[in-house]
Amino acid sequence: MSNDDKLTRRGLMARLLAGVSLSVLGGCDRLTGTSWFPRVLGLGEKATHKAQRLVVPRKAMAQEFLAIDLSPQFRSNGTSIPDNPTYRALAADGFAGYRLEVGGLVERPLTLSLAEIRKLPSRTQTTRHDCVEGWSAIGEWKGARLSALLEAVHLKPNARYIVFLCADPMEEDGTSPYYESIDLEDAFHPQTILAYELNGTPLPIENGAPLRLRLERQLGYKMAKYVMRLEIVEDFSRIAGGKGGYWEDQGYEWYAGI
Amino acid sequence: MAGRINETIGGRLRKVLKSLSRAVSGGYAYCRYSLPVRLKRWSKAVFVAALRMGRIIETLCGRLVKVLKSFGRAGSRGYPYYRHPLPVRIMHWSNVLFLAILLMSGLNILSAHPALNWGKSSYRGVPPVMEIRGRENDRGEISGVTRILGHDFPTTGFLGASRGPDGALTIREFPSWLTIPGDLWLAMARQWHFFFAWLLVVNGVAFVTYSAVSRHLRHDLVPTRQDWRSLGRTIVDHMRFRHPTGEAVKHYNVLQKLAYLGVIFFLLPLMILMGLGMSPALDALHPGWIDIFFGRQSVRTIHFVVALSLVLFVMVHVFEVIVTGFWNNFRSMITGYYRVESEADHE
């Protein structure tokens, strides 16, 4: 073998090395921009969802904390006051006129005032709120058990998801209201509540007054604030962007267990 | 009886105290070595130390020259030795790709909340352990500051503020060339991160299974009794850039074995465990298990510290690959063959 031959081989290797590192650096963005690659990446989300549902028992409880663990101030993220005249009118009146609607695939649609919601079986829990951004805050929540509410309306057999329709518009022109959806397994979990109290006081507006969802085994963006209506559906693909939630429509995972 | 014992104890105590007070205040200074003697001895010590340092620097330079020379004459002598079987090579390069992507997408995720806290939550009235911030002053000048344990470090150009693809200094937690995607895009970074985290786990399980079944683990990675005995010498050899030659290169040395085992069985599993520990769903498996690691925010901090440790390992690993003959090592991880210089050929 001649010396030239080896030099070429070495040159080839150098080019290969440079090519690989360049493609890692620059090619990733090009891959992100394709239509097929994010779908491949989405397989990871599906695997995570399946694996976590397999490993974590249905009724496994999220960790609960002590009063000393409470965050001095519970951080507000996203909307701090909905830019919605109807909501503002309700808030000005201390939510006396607020009515939660429960409809969709139910035998007995319901409309409940805040006082009626407070009469439902409740649960108080000191839990950790984990934001998708990475931070955590600990607060004490009191709210109506979602399971009690769903038992009161009698779900139809084809009911599969609870959709939470909210008062806060996510676009500046007042459109694109926040929404979220959860499955029945999470909906009937004992820690899943519609919270109306935070740290022993009525839920502040920046944390979702008058009613927000607590879904303790998933990330913060699943826990819709300013909940106005529960829509029980079989499939959410025809609601808004079709991904089951405002942030899901922006590319976040529907199952936010990690 | 009891009174007498007390007396003796009291007497002894007094004696001890007296001797102590004499040592502190009494007595006198005695000149053991005169000034000329002291000067002579010190100058000699300094001279000898300088001589030794000089020799060490000389050897180091010599070694470095040799290393540089070796770039130009890889594989010209000796015989090929099949060192890395195909599965190991495939899994090695998969790991390179996966870990690079995980690091870069991880830094994009960290940018969404560029602070690391200790404890169960981020808001306990205690400042973060580490925080990256970008600032713009009244004159429109941009700067980056990284605060670690209450100390501010200027990190303009890298952390907090760096030059984007257009060359302009912008406020950014990590430079765009170090993140996947290049733009700050939490949702997409998470997609990348979790997909490749699965691949890393699959690769890791495959590697450990393969290594156990093929005895790669027992034959090549677990230190032998002889290895343990050579530990001290190997450390000294590494510090002097003196590396095994001839037949000895067919085996990993003890530091190499310990480094690889440490990464495979400690750092990477800890990394994955800390990743899983951040999952609110998996925290419910046994409520409070992450408190073993001081709570979720500590878990997040440890996840980052382990990532840094892995980066450090890779830096040392690549450094050793370069100084012990880059092309020979690199080729052996691609073709499997490493060229062993026979002892006779060695200078």
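The values are calculated or read from the model by the stated rules, or taken from the named source; none is laboratory data. Note that the coordinates shown come from a computational prediction; the quantities given were computed from them, not determined experimentally. Neighbour counts run over all protein chains shown; Cβ positions are idealised from the backbone, glycine included.
Before moving on, here are some points about what is shown:
- Extreme residue, surrounded by the fewest Cβ atoms within 10 Å (Cβ to Cβ), among residues of the range A:56-104 that are more than 14 Å from chain B (Cβ to nearest Cβ) and of a type in the set (S, T, N, Q): A:T86
- Of all residues in the range B:201-230, those satisfying the criterion of being in a helix (DSSP H, G or I), of a type outside the set (S, T, N, Q) and without any contact (Cβ under 8 Å) to a residue 24 or more places away in the chain are B:V202, B:V205, B:A212, B:V213, B:L217, B:R218, B:H219, B:R225, B:R229.
- Residues satisfying the stated conditions in the range A:108-122, i.e. surrounded by 14 or more Cβ atoms within 10 Å (Cβ to Cβ) and without any contact (Cβ under 8 Å) to a residue 40 or more places away in the chain: A:L112, A:S113, A:L120
- Test set (1) modelled with pLDDT under 85; (2) not assigned by TED's automatic domain parsing to the domain that holds B:V321 - B:R77 fails condition number: (2)
- Selection count where residues are closer than 22 Å to B:L99 by Cα, in contact with a Pro (Cβ under 7 Å, 6 or more places away or on another chain) and among the hydroxyl-bearing types (S, T, Y), scope the range B:143-200: 1
- In the range A:130-162, the qualifying residues are those that are in a loop (DSSP other than H, G, I, E, B), at negative phi and within 14 Å of another protein chain (Cβ to nearest Cβ), and the one that is farthest from the chain's Cα centre (by Cα) is A:W135.
Yes/no matrix, rows are residues, columns are (1) at pLDDT below 85; (2) in a helix (DSSP H, G or I):
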| position | (1), (2) |
| --- | --- |
| B:R32 | yes, no |
| B:P36 | yes, yes |
| B:R41 | no, yes |
| B:V46 | no, yes |
| B:G54 | yes, yes |
| B:I57 | yes, yes |
| B:C61 | yes, yes |
| B:L64 | yes, yes |
| B:K69 | yes, yes |
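- Residues in the range B:167-187 that are without any contact (Cβ under 8 Å) to a residue 40 or more places away in the chain and within 23 Å of A:W247 (Cα to Cα): B:G182, B:D183, B:A187.
- Within the range B:76-166, strands (runs of 3 or more DSSP E) holding 2 or more residues that are among the hydrophobic types (A, V, I, L, M, F, W, C): B:130-136, B:142-148
- Some residue of the range A:113-126 being within 13 Å of another protein chain (Cβ to nearest Cβ) and assigned to a strand (DSSP E or B): yes
- Filter pass, B:F153 being under 28 Å from the mean Cα position of the chain (by Cα), away from chain A (no Cβ under 14 Å) and aromatic (F, W, Y): yes
Residue-by-condition table, conditions (1) of a type in the set (S, T, N, Q); (2) touching a Pro at 6+ places or on another chain (Cβ under 8 Å); (3) modelled with pLDDT of 95 or more:
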residue: A:A14; (1), (2), (3): no, no, no
residue: A:L17; (1), (2), (3): no, no, no
residue: A:S23; (1), (2), (3): yes, no, no
residue: A:C28; (1), (2), (3): no, yes, no
residue: A:T34; (1), (2), (3): yes, no, no
residue: A:E45; (1), (2), (3): no, no, no
residue: A:K50; (1), (2), (3): no, no, yes
residue: A:V55; (1), (2), (3): no, no, yes
residue: A:K59; (1), (2), (3): no, yes, no
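- Segments classed as helices (runs of 4 or more DSSP H), wholly inside the range B:236-347, with at least 3 members that are within 16 Å of the chain's Cα centre (by Cα), of a type in the set (F, W, Y) and surrounded by fewer than 20 Cβ atoms within 10 Å (Cβ to Cβ): B:296-323
- Filter result (more than 24 Å from A:G139 (Cα to Cα), of a type in the set (D, E, K, R) and part of a helix (DSSP H, G or I)) within the range A:39-95: A:R39, A:E45, A:K46, A:K50, A:R53, A:R88
Conditions (1) aliphatic (A, V, I, L, M); (2) out of contact with any His (no Cβ under 8 Å at 6 or more places or on another chain); (3) farther than 19 Å from B:V145 by Cβ; (4) more than 8 Å from chain A (Cβ to nearest Cβ), marked per residue:
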| residue | (1), (2), (3), (4) |
| --- | --- |
| B:S162 | no, yes, no, yes |
| B:L169 | yes, yes, no, yes |
| B:F174 | no, yes, no, yes |
| B:L178 | yes, yes, no, yes |
| B:P181 | no, yes, yes, no |
| B:L184 | yes, yes, no, yes |
| B:A189 | yes, yes, yes, yes |
| B:F195 | no, yes, yes, no |
| B:L199 | yes, yes, yes, yes |
